[in-house]
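Working notes, beginning with the structure itself.
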Amino acid sequence: MDKAFFLQFAGSMGAVAALVGLAAWARHGRPAPALDDARARALFAEEFPAARIDRLWIARDGKGALARSGAKALVLMQVGDGHAARCTCWAQVSAAMFRNGRLRIELGEVAAPRAELAFDQWPPADLAA
C-alpha cells in the first residue's frame, strides 16, 4: 500500500466524521420560547379558532398555559421544541391534583397522557367557579 492510499483513506474518514458530527449537532433544536399572554393566546387561537377564552393562566416557568372557555379547558404544554394543545372539560381541571406547585391534568390520551403545569397556587384566588 502506498502513502497516497493512506492519505486518501484518512481524508475520507475525517470527512465522514465531520458529517456525522454535523448531523448530530443539527438534530438539536432550539427550545421553544417561554410563553407569555400574547403568544399563548395566539397559539390557542391557532389550535382552537372557534373558542372564546374567558380566562387564561400562564405557567410559572412559561412552559404551558391553561385557558377556560365556557365549560371547556384548553391546555397548552411544551413538548420538545414546540407546543401541544389539548381540549378537555373544565370539571376535569377542577378535579386535577395540585402538589408541590404543579397542576397535573390527566388527559387520558396515548399521545399526551397528562399535562403538568407549574403554578404558585391552584385554584387561583381570582378563579370564578
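Between A18 and R114, what FRET efficiency comes out of the Förster formula 1/(1 + (r/R0)^6) with R0 = 35 Å and r the beta carbon distance, rounded to 0.05?
In this case the efficiency is close to 0.25.
Between C87 and A10, how high is the FRET efficiency from 1/(1 + (r/R0)^6) when r is the Cβ-Cβ distance and R₀ = 41 Å? Nearest 0.05.
0.10
Between region 104-128 and region 65-79, what's the alpha-carbon centroid distance in Å?
A separation of 9 Å, based on Cα centres.
Heavy atoms only, probe 1.4 Å: what % of the accessible area of region 1-56 goes to carbon and sulfur, would you let me know?
Details: 3000 of 4640 Å².
Answer for region 1-56: carbon and sulfur cover 65 percent of the accessible area.
Extension gain D126-D61, at 0.36 nm per residue separation less the Cα-Cα distance, in nm?
Stretched fully, the D126-D61 segment lengthens by 21.4 nm.
Which one is right for this structure if P(r) over Cα pairs in 10 Å bins from 0, in percent is calculated from it: (1) 11, 35, 22, 8, 8, 8, 6, 2, 0; (2) 14, 41, 28, 13, 4, 0; (3) 13, 47, 34, 6, 0?
Comparing each candidate, only (1) matches the computed number.
Quickly rank 62-75, 7-20, 35-48 as a protection proxy: mean count of other C-beta atoms within 10 Å, highest first.
Values: 62-75: 19.5, 7-20: 10.1, 35-48: 15.4.
Going from most to least packed, we get 62-75, 35-48, 7-20.
In nm, give the distance between the simple-model label positions of A34 and A50, each being 7 Å from the Cα along the Cα-to-Cβ direction.
3.6 nm
What relative contact order, as a whole-number percentage, does the chain give when Cα pairs under 8 Å and 6 or more residues apart are counted?
Relative CO of the chain lands at 16 percent.
Using a 7 Å offset from Cα along Cα-Cβ at A42, what residues in region 71-107 end up with backbone N under 14 Å from the label point?
83
Quickly estimate the mean residue ellipticity at 222 nm for the chain, helices only: each DSSP H run with n ≥ 4 gives -39500 (n - 2.57), and the total goes over all residues, rounded to 500. Walk me through the numbers before you get to the answer.
On the way: 3 runs with 40 residues, N = 129.
Per the formula, -10000 deg cm²/dmol.
Once you charge only the Cβ atoms, +1 for Lys and Arg and -1 for Asp and Glu, what is the size of the charge dipole of the chain about its Cα centre, to the nearest 20 debye?
That gives a dipole near 120 debye.
The values are calculated or read from the model by the stated rules, or taken from the named source; none is laboratory data. Quantities reported herein were computed from a predicted structural model and do not represent experimental measurements. Heads up, the Cβs are rebuilt from the backbone with ideal geometry, glycines too, and the neighbour counts pull from every protein chain shown. The area values use the complete protein model at the heavy-atom level, side chains included, leaving out ligands, DNA and RNA. Shrake-Rupley method; radii C 1.70, N 1.55, O 1.52, S 1.80 Å.
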